[in-house]
């Protein structure tokens, strides 16, 4: 684990370090804050504020996985508070985000899935908000993270 200083919390899954590097937390997707013409998604502010509370000391511990950066140049890492608690897992367990598994960075995948199972069964946060109900695949209107339901008819490798 590497100890880092946190300068800014952007949202529930992205932060900027004191050295200017942006970190995208691996394994979680939280509701989006307002961007361009889109308003805040439900629970976006709560997710950001909760992440801020976990990292209120101004420091975090980060653990890298198989992939070091995303296509936007952000560092990809699992983030822990100074007591060693996985903040991504905590946010998911509270219903403030979804567990996402993007290979090859799967180190804590089961931990995140277990946290999501807990939040889903307890109907916490995103799991009790109709905004996040699954959408039929043929009704998708925009790109980005969405819960989709449908039948997979074919796949292809990119």
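In the calculated pair-distance distribution of the range 1-76, the portion above 20 angstrom amounts to 30 percent of the Cα-Cα pairs. Per residue, the chain reaches -6000 deg cm²/dmol at 222 nm when only DSSP H runs of four or more residues are counted, each adding -39500 (n - 2.57).
Against the chain, whose longest principal axis comes from its Cα atoms, helix 44-54 is set at around 30 degrees.
Each value in this text was obtained by applying a stated rule to the coordinates, not by laboratory testing. Fair warning: this is a prediction, and the values are worked out from it, not measured in the lab.
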